[in-house]
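Trainee: Input: one structure, supplied below.
The values are calculated or read from the model by the stated rules, or taken from the named source; none is laboratory data. Computed from a prediction, not measured in an experiment: that's the story for all the values here. Quick reminder, even Gly has a Cβ in these numbers, built from the backbone with ideal geometry, and neighbours come from all protein chains shown.
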Number of protein chains: 4
Amino acid sequence: MSIRVAIAGARGRMGSAAVKVMMEAQDIEVVAVLDYKYDGMFLHSTGVDAERGGIPIYTMLEKLADEQKPDVLLELTDPDAVFNNAKSALALGIRPVVGTSGLSPESISILTELSAAQRVGGIIAPNFSIGAVLMMKFSAMASRYLGDVEILEMHHDKKVDSPSGTAVKTAEMIMQERQSHVQGHPDEKEHRSGARGADFDGMKIHSIRLPGLLAHQEVLLSGAGELLSIRHDSFDRKCFMPGVLMAIRYVMDSRDFVYGLENIIE
Amino acid sequence: MSIRVAIAGARGRMGSAAVKVMMEAQDIEVVAVLDYKYDGMFLHSTGVDAERGGIPIYTMLEKLADEQKPDVLLELTDPDAVFNNAKSALALGIRPVVGTSGLSPESISILTELSAAQRVGGIIAPNFSIGAVLMMKFSAMASRYLGDVEILEMHHDKKVDSPSGTAVKTAEMIMQERQSHVQGHPDEKEHRSGARGADFDGMKIHSIRLPGLLAHQEVLLSGAGELLSIRHDSFDRKCFMPGVLMAIRYVMDSRDFVYGLENIIE
Amino acid sequence: MSIRVAIAGARGRMGSAAVKVMMEAQDIEVVAVLDYKYDGMFLHSTGVDAERGGIPIYTMLEKLADEQKPDVLLELTDPDAVFNNAKSALALGIRPVVGTSGLSPESISILTELSAAQRVGGIIAPNFSIGAVLMMKFSAMASRYLGDVEILEMHHDKKVDSPSGTAVKTAEMIMQERQSHVQGHPDEKEHRSGARGADFDGMKIHSIRLPGLLAHQEVLLSGAGELLSIRHDSFDRKCFMPGVLMAIRYVMDSRDFVYGLENIIE
Amino acid sequence: MSIRVAIAGARGRMGSAAVKVMMEAQDIEVVAVLDYKYDGMFLHSTGVDAERGGIPIYTMLEKLADEQKPDVLLELTDPDAVFNNAKSALALGIRPVVGTSGLSPESISILTELSAAQRVGGIIAPNFSIGAVLMMKFSAMASRYLGDVEILEMHHDKKVDSPSGTAVKTAEMIMQERQSHVQGHPDEKEHRSGARGADFDGMKIHSIRLPGLLAHQEVLLSGAGELLSIRHDSFDRKCFMPGVLMAIRYVMDSRDFVYGLENIIE
């Protein structure tokens, strides 16, 4: 029997890619779409490449749940909608699989408690790319032994914020593992301000912004006489799909509420 | 009380670097040198930078053991001498820490059995660089998820053999983890022979040899839309020293006989 | 007065991108499309994002020339059509700008002679990416001083042929400049066949094929104690457009017939 | 007839390497050493690996010139001594080849004028590595076409100053060629100060300092859809020697006074 998935955000770029990959997965069935409009229509008629007449759209999760009995709600909308949808899903016994980095620690706490109370599992994944998650995880593991770390994150120049969320998350994960210390020469001098990058618990983060880039990060870890470099390049949105499928399958087998794909990757 | 270490190969480049780093470690004492000559002399008088009158040289392990009571024998000589020295050490209750990639599977089996019989631990490490070992370990772990792999190893052009031992060892470790398959396009054509590199269980290995290089390896792991690159650069012999110390400390706490530093790194 | 450009191959991926960028250029006007069908229709009605009613389609170059008086024919179709179209263009006094790597040396000779006879300039560019052309040009220049070279080209695994055309072209350009010699150790041994890559005049070429990759090439040049690495990454078809515009402007000012964008980049 | 070279700074690390490489060059003879002590002794007796009795030491350039008639003075001492030695050399008709980045613009002007007045050529080279000079030169050339640039320079953490002299010199050379503009998003926000690196005429420079590194620099140049990366790794002091020899040979054939090896590399 296949896993019945409802999806919120199906008309977005991540969402429509997810619909496509779930339709190709033999153990997963997309049974419905949750949206803020188009109630009663079918997904294919909104311009998304989907089975004709196959996937009905609902604007109310309760009605969707009642009629389509989903096992999982895949949530790919914005942080505002995510929290309420995830909470409602848990209350209805539907496992939420949420792709966002925008939830506050308080919101995550509330969802975690509700999950435990309802005995319904769920996942929040700020990053569904397995490669990116492995980069972060390995960097943290390596920093126990190679404790001097600099993070280089590289993005197209349409990105306003620096450093990137992934770079900060990587630094946080490293901070949990390495022996904290201030790096570089004690008498270090910046003759041009900013040369040595941003500080994070003694580590350094450098943000590169160039028009041709996509999304890339390299973590440099060093000890005496050696350098370990762990780099991830995202070339296409497709790279998120294996993580989406992995998360959907995981919540069917577990009642844990998990924050971060790194916790379900061995 | 400090760990009493005897060292074989102390006059070589790795050996003299190891003597130096052990003398700086507060929990380790270099109590003797095993050599094929200079019996009765002291290490500093052979040109090695060591404490004057501090480290006596023996040509017989039995006599060394009897007089100096070492806990550990650090073995940094060539494969020919290594096996007999390690066997003798185990028989005498001394833990061998061996740095060589030249032992046959049969020799390793014999040492493993003797270790169990004597209830004395030991380690054989083909590579003492923690960074290199992490590169191999992470590559194997990542290949479960990103199963298409190419290995690029880069060395100075005085290296005769290709691919390098580390590249082959990496491929072996990946083979244990990933789902085996032949990579590339099924109709792939090499218009110049060798372009696609050496095959190893469907993976590819490429050996680069250039005069200016030292010792470098990069493992490329890829899935749809993404690339994870794990690279290690050895710039200096110093990079082997933390692994030497880690191995010496490990055998004091364990009766296991371990092949590969990756098995004692968490 | 703007440059009047006719384009062949306007409905392809390169072609439609070129139409877009030329419409944005103030000194260029797309006056017509040459196609094998849709005679008399307008480009926008074939599904290409173009001005409504603005760009007429012709199936005969003579008629197109007569009615639209183009200065330049931008040729982005396949090698079969390219030669005849370019020849006809030259005969009609239209400057051909051709993007293909598929023309034979004989075809190139014929076009060069015809260009001289007609006193009409033209360009054939196997690669319109300025970054890729600079990579090749710099590699050739550097090989005079750093004469040991290995070329790594990396593409998605849908690419059947290896090495890539760009890698071979790079090696040819280097061969013109460096002092020829066989690289590596004279007693070099491949324990697995292909490890050392494909040979090209003593240099080595390595072809990497992985599912997530796009199109990348790195040229490693080395001398004693140092390494110079020149790498180009193509992330998007947009990278060809500045070269297309540069070529169009160049042929308006020159009567030369040029093979390779590297010859018009200073 | 070979080129007669006197060397100042022969007992330093660069100097003793230069003596060695010049002794191996068939067209060059090291005829004397200029030093601040050891007058009348021979170089080999100061601990440098040199021909026994072959290279006399002088503390006065005039006497050295008179007795040994050098064509060239290779100056590898510190900036304080360099200026006076180079000036004296020019006055005596000896061509100075100077390896330092510490001379002021005023000092360079004075030497240039004196060189013209004396009709004696000379070179000042802040960096003798041909690979590093090519990296800078190519980066400047490429910035005409790929005008968005970020420079990453990477050194061991014993280096106090950032950014490195080579990074600043690279940026200066690029500034001469590219169309000046401020890079990145106009509304760019640094959530951690320094993330976007140091500014140099709208470009960005990032300085990485890690214990295992040697001396490395990578210049990233980008346009729409593409990235060109030009990287140089210095692994060993040997990499400076070809530039030293090239400079010595150059000044024999030219009366120009040149600043920067890039001006004699074609």
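Trainee: For residues in region C:111-142 being modelled with pLDDT of 95 or more and polar (S, T, N, Q), which is farthest from D:Ile130 (Cα to Cα)?
Mentor: C:Gln118
Trainee: Also: Could you list all residues from region A:254-266 that are away from every other protein chain (no Cβ under 13 Å) and either in contact (Cβ under 8 Å) with a residue 12 or more places away in the chain or under 19 Å from B:Glu226 (Cβ atoms) (or both)? Quick ask: steps written out before the conclusion?
Mentor: First, pick out the residues of region A:254-266 that are away from every other protein chain (no Cβ under 13 Å): A:254-260, A:263.
A:Ser254, A:Arg255, A:Asp256, A:Phe257, A:Val258, A:Tyr259, A:Gly260 - these are the residues of region A:254-266 that are away from every other protein chain (no Cβ under 13 Å) and either in contact (Cβ under 8 Å) with a residue 12 or more places away in the chain or under 19 Å from B:Glu226 (Cβ atoms) (or both).
Trainee: Select from region B:138-152 the residues that are out of contact with any Leu (no Cβ under 9 Å at 6 or more places or on another chain) and within 16 Å of B:His232 (Cα to Cα) and list them in ascending order. Quick ask: steps written out before the conclusion?
Mentor: Here is the first cut: in region B:138-152, the ones out of contact with any Leu (no Cβ under 9 Å at 6 or more places or on another chain) are B:140, B:144.
Residue satisfying the conditions is B:Ala140 alone.
Trainee: Also, quick follow-up: Checking the condition more than 21 Å from A:Gly12 (Cβ to Cβ) and assigned by TED's automatic domain parsing to the domain that holds A:Asp66, which residue from A:Leu152, A:Leu146, A:Leu90, A:Leu134 passes? Walk me through it before giving the result.
Mentor: Details: A:Leu152 fails: assigned by TED's automatic domain parsing to the domain that holds A:Asp66; A:Leu146 fails: assigned by TED's automatic domain parsing to the domain that holds A:Asp66; A:Leu134 fails: assigned by TED's automatic domain parsing to the domain that holds A:Asp66.
Criteria check complete, one pass: A:Leu90.
Trainee: Do the conditions hold for C:Met246, that is, is it under 18 Å from C:Arg144 (Cα atoms), at pLDDT 95 or above and more than 8 Å from chain D (Cβ to nearest Cβ)?
Mentor: Numbers: under 18 Å from C:Arg144 (Cα atoms): no; at pLDDT 95 or above: yes; more than 8 Å from chain D (Cβ to nearest Cβ): yes.
No.
Trainee: Which of the residues that make up region C:175-199 are more than 7 Å from every other protein chain (Cβ to nearest Cβ) and either in contact with a Lys or Arg (Cβ under 6 Å, 6 or more places away or on another chain) or touching a residue at least 12 places away in the same chain (Cβ under 8 Å) (or both)?
Mentor: Correct list: C:Met175, C:Gln176, C:Glu177, C:Arg178, C:Gln179, C:Ser180, C:His181, C:Val182.
Trainee: On to the next question. Among A:Gly202, A:Gly197, which is touching a Ser or Thr at 6+ places or on another chain (Cβ under 7 Å) and at positive phi? Explain how you work it out, then say what you get.
Mentor: Working: A:Gly197 fails: touching a Ser or Thr at 6+ places or on another chain (Cβ under 7 Å).
Matching residue, one of A:Gly202, A:Gly197: A:Gly202.
Trainee: Right, here's the next one. Those residues that are touching a residue at least 60 places away in the same chain (Cβ under 8 Å) and either surrounded by fewer than 19 Cβ atoms within 10 Å (Cβ to Cβ) or not β-branched (Val, Ile, Thr) (or both), I need them from region B:97-119; list them, please. Write out each step before concluding.
Mentor: In the first step, residues of region B:97-119 are kept if they are touching a residue at least 60 places away in the same chain (Cβ under 8 Å); the result is B:97, B:99, B:101, B:108, B:111-112, B:115-116, B:119.
Selection gives B:Gly99, B:Ser101, B:Ile108, B:Leu111, B:Thr112, B:Ser115, B:Ala116, B:Arg119.
Trainee: Something else: Which of (1) more than 14 Å from chain B (Cβ to nearest Cβ); (2) within 22 Å of the chain's Cα centre (by Cα) is the odd one out, the single condition A:His216 does not satisfy?
Mentor: All conditions pass for A:His216, except number (1).
Trainee: Still on this structure, please answer the following. In region D:170-183, what count of residues is obtained for those that are buried (at least 17 other Cβ atoms within 10 Å of the Cβ) and modelled with pLDDT under 95?
Mentor: 0
Trainee: Output the residues belonging to region C:157-169 that are within 12 Å of chain B (Cβ to nearest Cβ) and either crowded, with 24+ Cβ neighbours inside 10 Å or under 19 Å from the mean Cα position of the chain (by Cα) (or both). Don't jump to the end; show me each part of the working.
Mentor: As a first pass, look at region C:157-169 and keep what is within 12 Å of chain B (Cβ to nearest Cβ): C:157-165, C:167-168.
Hits for region C:157-169 are C:Lys159, C:Asp161, C:Ser162, C:Pro163, C:Ser164, C:Gly165, C:Ala167, C:Val168.
This table checks each residue for (1) touching a Ser or Thr at 6+ places or on another chain (Cβ under 7 Å); (2) in the same structural domain as A:Val168 (by TED's automatic domain parsing).
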site	(1), (2)
A:Val219	yes, yes
A:Ala224	no, yes
A:Leu227	no, yes
A:Arg231	yes, yes
A:Pro242	no, no
A:Met246	no, no
A:Val258	no, no
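Trainee: Further, regarding this structure: Give, as residue ranges, the strands (runs of 3 or more DSSP E) completely inside region B:166-266 that count at least 3 residues that are under 30 Å from B:Gly12 (Cα atoms).
Mentor: Numbers: elements: B:198-200, B:203-209, B:215-223, B:226-234, B:257-259.
Hits in region B:166-266: B:203-209, B:215-223, B:226-234, B:257-259.
Trainee: Would you pick out the residues in region D:200-215 that are within 25 Å of C:Phe235 (Cα to Cα) and touching a Lys or Arg at 6+ places or on another chain (Cβ under 7 Å)? Don't jump to the end; show me each part of the working.
Mentor: Step one: filter region D:200-215 for residues within 25 Å of C:Phe235 (Cα to Cα), giving D:202-206.
Hits for region D:200-215 are D:Lys204, D:Ile205.
Trainee: Out of (1) at pLDDT 95 or above; (2) within 14 Å of chain C (Cβ to nearest Cβ), what's the single condition that is false for B:Ser101?
Mentor: That leaves (1) as the condition not met.
Trainee: Against the conditions (1) in the same structural domain as A:Gly12 (by TED's automatic domain parsing); (2) more than 18 Å from the chain's Cα centre (by Cα); (3) within 27 Å of D:Asp187 (Cα to Cα), where does A:Glu62 fall short? Just the number, please.
Mentor: For A:Glu62, the failing item is (3).
Trainee: So which residues in region A:29-72 are surrounded by 21 or more Cβ atoms within 10 Å (Cβ to Cβ) and either hydroxyl-bearing (Ser, Thr, Tyr) or touching a Lys or Arg at 6+ places or on another chain (Cβ under 6 Å) (or both), if there are any at all?
Mentor: A:Val31, A:Tyr58, A:Pro70, A:Val72
Trainee: Pairs needed: first member in region B:135-156, within 7 Å of chain A (Cβ to nearest Cβ); second member anywhere, of a type in the set (Ser, Thr, Tyr) and surrounded by fewer than 24 Cβ atoms within 10 Å (Cβ to Cβ); C-beta distance under 9 Å; at least 6 residues apart or different chains.
Mentor: Listed by first residue and then by second, the contacts come to B:Met135/B:Thr166.
Trainee: Residues that are small (Gly, Ala, Ser): find the strands (runs of 3 or more DSSP E) completely inside region B:93-159 holding 1 or more of those.
Mentor: Working: elements: B:95-98, B:122-124, B:148-155.
Here the list reads B:122-124.
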